[in-house]
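*Asks:* So that we are looking at the same thing, I have put the structure below in structure tokens.
The values are calculated or read from the model by the stated rules, or taken from the named source; none is laboratory data. In this text the structure is predicted, and so the values were computed from the model without any measurement. So basically every Cβ, Gly included, is an ideal-geometry build from the backbone, and we count neighbours across all protein chains shown. For the accessible areas, the whole protein counts, side chains as well, though only heavy atoms, and no ligand, DNA or RNA atoms are used. Shrake-Rupley method; radii C 1.70, N 1.55, O 1.52, S 1.80 Å.
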Amino acid sequence: MDKPIKSAGTSAEEIITWAEDHKIETCFDRAERLKPCPIGETGACCRVCHMGPCRLVGKNAEEEAMGVCGATLPTVVARNFLRMIAAGTAAHSDHSRDMANTLLAVATGENKDFQIKDVKKLYKVAGILEIEFEGRPVNDVAKDVAETFLQDFGRQTGELNYCKRAPEKTQARWAKYGIAPRGIDREVVETMHRTAVGVDHEADHLLTQGLRTALADGWGGCMISTDVSDILFGTPKPVKAEASFGIFKEDEVNMVVHGHEPTLAEAIIDVASRPDMIEYAKSKGAKGINLGGMCCTANEVLMRHGIPTAGGFTNQELAIMTGLVDALSVDVQCIMPAITQVSKKFHTKIITTSHKAKMYDAIHIEHNENNPTKTAEEILKLACDNYPNRTKEGSHITKKETLIGGFSDEYIEYMLGGKWRASYRPLNDAIQSGRIRGVVGLAGCDNPRVPATGIHKFLVNELIRNDVLIVSTGCGSAACASAGYLKPEMALENAGPGLREVCEAVGIPPILHLGSCVDNSRILTIATAMAKEGGLSDEIAGMPAVGIAPEWMSEKAIAIGCYFAASGVPVIFGGESPVGASEEVTKIMTEVWMERYMGALHFEPEPEKILEMALNYIDGARDRLKLRKYEPGKFGAERILMDMAARREIKNAPHAGVGGINESEG
Ligand code: XCC
């Protein structure tokens with residue numbers, strides 16, 4: 001019998017097999033060995049005080065089970081879920097705070113290593129924040145923008161500045177149900193307070209605060225981070241890059257930047273191209289310096305510079321096992337502690353750089369936020385010094401895919417409408433006519449508990465085949481890239497004829513890589529622009545759009561799922577439900593949220609069911625909006641048939657052979 005695959009990335013799978021042969025443990029082995037605790041997995045374990053932990057299980061647990069204090073199952077499940085939202089919001093938003101502080105330091109001249117790269121974006125943001133910008137020095141405007149953003153973290157009353165970016169009707173729903181966020185830190189703190197022992201016990205009341213916190217993440221932390229990154233380092237434009245382990249070079253110093261923040265990585269990019277640093281690498285016997293990324297720092301630098309990505313979360317140990325990584329610097333989030341253990345078997349140096357994050361057995365070179373160049377020099381020298389220590393040890397498996405990334409919301413608008421009439425009109429028209437059935441935001445992690453990246457691949461294939469346009473972020477994008485689906489030709493071949501026709505006319509691929517996890521905020525911006533354009537829904541709710549995170553694992557993904565639900569988007573997560581123990585909580589998140597916000601959060605482990613639910617939501621929204629019924633194959637099929645005839649492939653039907661997971665990596 002064939003052994004089940006652990007990763008759907010073919011070269012990842014080859015390295016996993018190599019690791020098994022060499023008795024090196026990976027997250028895939030640990031996922032197999034450590035079965036999830038069934039009580040904690042569904043949210044039924046309460047450990048908010050030391051009378052417990054209390055496990056609320058047994059027959060009729062929903063009605064009868066209680067903790068020592070009397071907390072019922074819905075209370076416990078809701079509280080646990082809220083703490084995930086708070087942690088996810090804190091992670092994105094603390095990153096965001098650092099970005100705002102960097103902008104302030106650049107504006108005041110404290111940080112001389114960076115400049116404002118995108119003045120147009122700065123002015124756009126200043127306009128939204130009602131900050132005067134015309135005729136003022138750029139750095140003065142930047143200072144006001146940074147300080148206004150920083151106020152949103154500690155704001156005590158009113159609403160976050162960016163709430164007003166949402167369509168008016170969306171804001172009205174938030175006001176009606178009391179979920180417009182006040183300050184980012186305030187919502188996180190209040191959530192932690194309310195979920196402490198003996199405070200808030202009503203599941204619906206708790207979950208409402210959960211949504212308020214999540215909105216502080218989406219329309220606060222994430223959106224601020226995206227905007228500041230664009231202002232400082234440039235708003236992304238389409239860029240060609242490469243993905244998977246083949247990005248490493250045998251004859252150059254391979255330096256990998258891993259984590260989530262773009263700041264130090266930007267300095268590393270600058271320093272790595274300096275002639276003196278290249279000479280230094282040559283003095284160690286290498287031909288040059290080759291940069292690569294991992295997880296969301298990878299997405300940040302891929303979007304703006306075309307730096308290649310070695311992949312998402314489940315690829316980090318495997319990258320080291322190629323034996324080709326001379327140094328891997330990490331900042332914050334999604335960094336497996338296991339990488340330092342793996343690195344001991346190879347020559348790779350792991351470098352921690354944030355004052356917030358240290359690891360056993362790593363070298364710590366602290367990122368000097370006002371002088372990142374100096375830190376970057378130190379790290380790159382260490383990588384070069386380590387190049388001569390490279391041995392034959394390692395899998396040396398190096399296959400890669402090309403991709404196009406860099407689709408900021410600004411660029412999508414520009415591509416759709418052109419320089420003089422940038423607008424979302426063509427996209428709305430294509431959805432109205434049924435050429436495009438709907439839009440899916442595909443986000444979230446890759447996960448070793450399923451064939452990693454495999455559910456992403458399945459859904460991507462099926463959705464584009466069904467004329468659904470995909471916008472992707474985070475490790476979802478890395479999964480698509482490593483599978484070759486971010487190569488426009490490959491995706492276009494698999495796309496349904498209506499979607500293909502639109503993409504070819506406009507010149508965009510059917511899967512648009514929007515960036516890192518904080519760049520999910522770009523999806524909120526796109527949805528808002530679509531609502532304002534007219535012809536579909538006049539709020540985010542009710543659009544033929546769905547969010548999917550099929551392999552999520554991080555608390556950050558939960559915060560993202562909730563801010564989409566609260567903004568009016570039905571969201572489907574893969575895997576077992578972390579609120580599955582309570583019917584009441586599940587019902588609130590699916591039915592009650594749907595009634596109030598026209599958004600919901602479902603958990604569904606079966607990929608086929610995720611697909612079915614997503615298409616049902618899209619078709620249901622089309623019906624409610626009285627749009628033309630979607631008919632598969634109605635548009636563009638004739639031209640595609642002609643194309644295929646020209647390529648002597650007419651013997652197959654237009655979609656033949658497209659349905660399964662395409663394994664053509666490499
Ligand atoms: Fe982390 Fe952003 Fe998840 Fe990937 S997708 S594993 S959170 S890196 Ni956000």
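*Asks:* Evaluate the range 322-333: report whether one residue or more is modelled with pLDDT of 95 or more, touching a Cys at 6+ places or on another chain (Cβ under 6 Å), aliphatic (A, V, I, L, M) and not in a helix (DSSP H, G or I).
*Replies:* no
*Asks:* List the pairs whose first member sits in the range 393-406 and is under 25 Å from N299 (Cβ atoms), whose second member is among the charged types (D, E, K, R) and open to solvent by 40 Å² or more (accessible area, probe 1.4 Å), and whose Cβ atoms are under 6 Å apart, counting only residues at least 6 apart or on separate chains?
*Replies:* Hits for this filter: I397/E14; K400/E242; T402/E242; T402/K487; L403/K487; I404/K240; G406/K237.
*Asks:* Counting only residues that are within 16 Å of the ligand (Cβ to nearest atom) and outside any loop (DSSP other than H, G, I, E, B), which one in the range 334-347 is farthest from G292 (Cα to Cα)?
*Replies:* My answer is A338.
*Asks:* Could you tell me how many of the residues in the range 1-28 are closer than 18 Å to Q316 by Cβ, touching a Pro at 6+ places or on another chain (Cβ under 7 Å) and in a loop (DSSP other than H, G, I, E, B)?
*Replies:* Selection size over the range 1-28: 2.
*Asks:* So V518 fits all but one of (1) among the aliphatic types (A, V, I, L, M); (2) in a loop (DSSP other than H, G, I, E, B); (3) open to solvent by 10 Å² or more (accessible area, probe 1.4 Å); what number is the exception?
*Replies:* (3)
*Asks:* What pairs come out if I take residues in the range 58-70 that are on the phi > 0 side of the Ramachandran plot and pair them with residues that are small (G, A, S) and assigned to a loop (DSSP other than H, G, I, E, B) whose C-beta lies under 8 Å away, six or more apart or interchain?
*Replies:* Taking only residues 6 or more apart or on different chains, the pairs are G58/A65.
*Asks:* Now for a different question. Working only within the range 477-527, note down all residues that are within 16 Å of the ligand (Cβ to nearest atom) and among the hydroxyl-bearing types (S, T, Y).
*Replies:* S477, S482, S516, S521, listed by residue number.
*Asks:* Where the second residue is aliphatic (A, V, I, L, M) and more than 10 Å from the ligand (Cβ to nearest atom) and the first is under 10 Å from A362 (Cβ atoms) and open to solvent by 20 Å² or more (accessible area, probe 1.4 Å) and lies in the range 330-342, which pairs have Cβ atoms under 8 Å and are six or more apart or on separate chains?
*Replies:* Qualifying pairs under 8 Å: I335/A357; I335/M359; P337/M359.
*Asks:* Cβ contacts < 7 Å: first residue farther than 10 Å from F564 by Cα and hydroxyl-bearing (S, T, Y), restricted to the range 204-223; second residue open to solvent by 10 Å² or more (accessible area, probe 1.4 Å) and not in a helix (DSSP H, G or I), any location; separation 6+ or different chain. Result?
*Replies:* Partner pairs satisfying both residue conditions: T208/G178.
*Asks:* In the range 214-231, which residue that is closer than 20 Å to A180 by Cβ and among the charged types (D, E, K, R) is surrounded by the fewest Cβ atoms within 10 Å (Cβ to Cβ)?
*Replies:* D227
*Asks:* Counting only residues that are touching a Ser or Thr at 6+ places or on another chain (Cβ under 7 Å), within 16 Å of the ligand (Cβ to nearest atom) and not in a loop (DSSP other than H, G, I, E, B), how many does the range 414-452 have?
*Replies:* Final tally of qualifying residues: 2.
*Asks:* Can you tell me which residue is nearest to G109 (Cα to Cα) among those in the range 126-142 that are in contact (Cβ under 8 Å) with a residue 24 or more places away in the chain and open to solvent by 20 Å² or more (accessible area, probe 1.4 Å)?
*Replies:* Only one residue fits best here, namely N139.
*Asks:* Here is a check on your reading of the model: is I307 away from the ligand (no atom under 15 Å from the Cβ), assigned to a helix (DSSP H, G or I) and either at negative phi or among the aromatic types (F, W, Y) (or both)?
*Replies:* On the way: away from the ligand (no atom under 15 Å from the Cβ): yes; assigned to a helix (DSSP H, G or I): no; either at negative phi or among the aromatic types (F, W, Y) (or both): yes.
Spelling it out, it is not the case that I307 is away from the ligand (no atom under 15 Å from the Cβ), assigned to a helix (DSSP H, G or I) and either at negative phi or among the aromatic types (F, W, Y) (or both).
*Asks:* Would you say A286 is open to solvent by less than 10 Å² (accessible area, probe 1.4 Å), farther than 23 Å from L512 by Cα and of a type in the set (G, A, S)?
*Replies:* Taking the combined requirement at face value, the residue satisfies it.
*Asks:* Next question, about the same structure. Taking the residues in the range 48-86 that are of a type in the set (D, E, K, R) and surrounded by 14 or more Cβ atoms within 10 Å (Cβ to Cβ) as candidates, determine which candidate is nearest to G198 (Cα to Cα).
*Replies:* Taking the candidates together, the pick is R79.
*Asks:* Just the residues that are closer than 21 Å to V332 by Cβ and either open to solvent by less than 10 Å² (accessible area, probe 1.4 Å) or not β-branched (V, I, T) (or both), please, taken from the range 232-262. Show your work before the answer.
*Replies:* The first filter runs over the range 232-262 and keeps only residues closer than 21 Å to V332 by Cβ, leaving 232-233, 255-262.
Result: L232, F233, M255, V256, H258, G259, H260, E261, P262.
*Asks:* Mind counting the residues in the range 87-125 that are of a type in the set (S, T, N, Q), over 19 Å from G183 (Cα atoms) and open to solvent by less than 20 Å² (accessible area, probe 1.4 Å)?
*Replies:* Looking only at that region, the number is 2.
*Asks:* Could you tell me which of the residues I470, I464 is part of a helix (DSSP H, G or I), open to solvent by less than 20 Å² (accessible area, probe 1.4 Å), modelled with pLDDT of 90 or more and aliphatic (A, V, I, L, M)?
*Replies:* I464
*Asks:* Out of curiosity, is K399 part of a loop (DSSP other than H, G, I, E, B), closer than 25 Å to S516 by Cα and of a type outside the set (V, I, T)?
*Replies:* Answer is yes for this residue.
*Asks:* Additional query: Of everything in the range 453-476 that's out of contact with any Gly (no Cβ under 7 Å at 6 or more places or on another chain) and small (G, A, S), which residue is nearest to the ligand (Cβ to nearest atom)?
*Replies:* Here the answer is S472.
*Asks:* Taking the range 287-302 as the region of interest, how many residues are out of contact with any Pro (no Cβ under 6 Å at 6 or more places or on another chain) and either more than 13 Å from the ligand (Cβ to nearest atom) or among the hydrophobic types (A, V, I, L, M, F, W, C) (or both)?
*Replies:* Matching residues across the range 287-302 total 11.
*Asks:* Limited to the range 391-437, what total is found for residues that are farther than 20 Å from G234 by Cα, of a type in the set (D, E) and open to solvent by less than 20 Å² (accessible area, probe 1.4 Å)?
*Replies:* Total meeting the criteria: 1.
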